[in-house]
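Values in this text are rule-based calculations from the coordinates and carry no lab data. Since the model is a prediction, treat every value here as computed from it, not as a measurement. Note that each Cβ is placed from the backbone with ideal geometry, even for glycine, and that neighbours are counted across all protein chains shown.
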Amino acid sequence: MFDTRELGRRPGALKRLSRSVPAPKDLGIEVIGVREGVTVELDLRLESVMEGVLVTGTARAPLTGECVRCLEPLERELGADFQEMYSYPDADDRSRHADAGDDAEEEDTLFLEGDLFDLEPVLRDAVVLALPLQPVCREDCPGLCAECGARLAEDPDHHHDAVDIRWAALQGLAEATSDGEKDNAPRSRGVDSQEK
Ligand SMILES: [Zn+2]
Ligand SMILES: [Zn+2]
C-alpha cells in the first residue's frame, strides 16, 4: 500500500518516491520469477490528475529460474515498467453517469482506498509481462541429449555409438573355432618283402 496524502488532490501535483519492498508470493511464472521476500526496488512517480492519481514506475528485482532447454538454474535482473491510473471513488460515480454501459473499461479501473493505493496487482502484471517466456541459460544452449539426458553444453562431443555392444560379443564367439581330433590319421606301414 502506498500513501498519496502528501501528494494532495490538486491536479498537476507531482511526487517521486523510491521504496524497497519484499516481493509478494508467486511473483512470476513457472519457469522464472522473483522469489518471495526478495527485495524489489520501486521508483514511482505519482501525479495528481482530475480523476485520481496516475502512477508511473519501474520495478527492479533479481530473478531466479531455470533454463527451459537444459534445466540449469539461472539468474537474471528484472526491469519492469508500469503505468496505472487510480481513480477517486467519487470520480467513478461521475464517469459512470457520463458513459454508462462501458463495462469492459470499468472492470479495469483501480481505485484509491482513502489516500492509499495497492500497487501489488499492477506490479504483478508488469513483472509477468517483462519476464522471458522461454528463459535460456544462453542463446545457443544445446539442451539435453534426447537419449540419456546428458547436458550437451558440458560434453560437446557427446554421442552414442550406433553399433550395439551385443553384436560385438557375438562376433567374438564366431572367431573361437574348435580344434578337431587328429588321432584318426592313417599310418602308412612299409611292407617288408622277404625275398631271398
Ligand atoms: Zn541451458
Ligand atoms: Zn546421451
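Quick notes on this structure:
- Two-site FRET efficiency, residue 39 against residue 10, from Cβ-Cβ distance with R₀ of 35 Å, rounded to 0.05: 0.60
- Estimated distance in nm for a label pair at residue 88 and residue 128, the labels positioned 7 Å out from Cα along Cα-to-Cβ: 3.2 nm
- Among 141, 70, a tally of other beta-carbon atoms within 10 Å of each Cβ gives an order, fewest to most, of 141, 70.
- The slack in the chain from residue 109 to residue 76, taken as 0.36 nm per residue of separation less the alpha-carbon distance, amounts to 8.7 nm.
- In loop segments of segment 13-66 as defined by DSSP, the trypsin sites (Lys or Arg not before Pro) with at most 12 further C-beta atoms inside 10 Å of their C-beta are 25.
- Model label points for residue 50 and residue 160, set 7 angstrom from Cα along the Cα-to-Cβ axis, are 6.9 nm apart.
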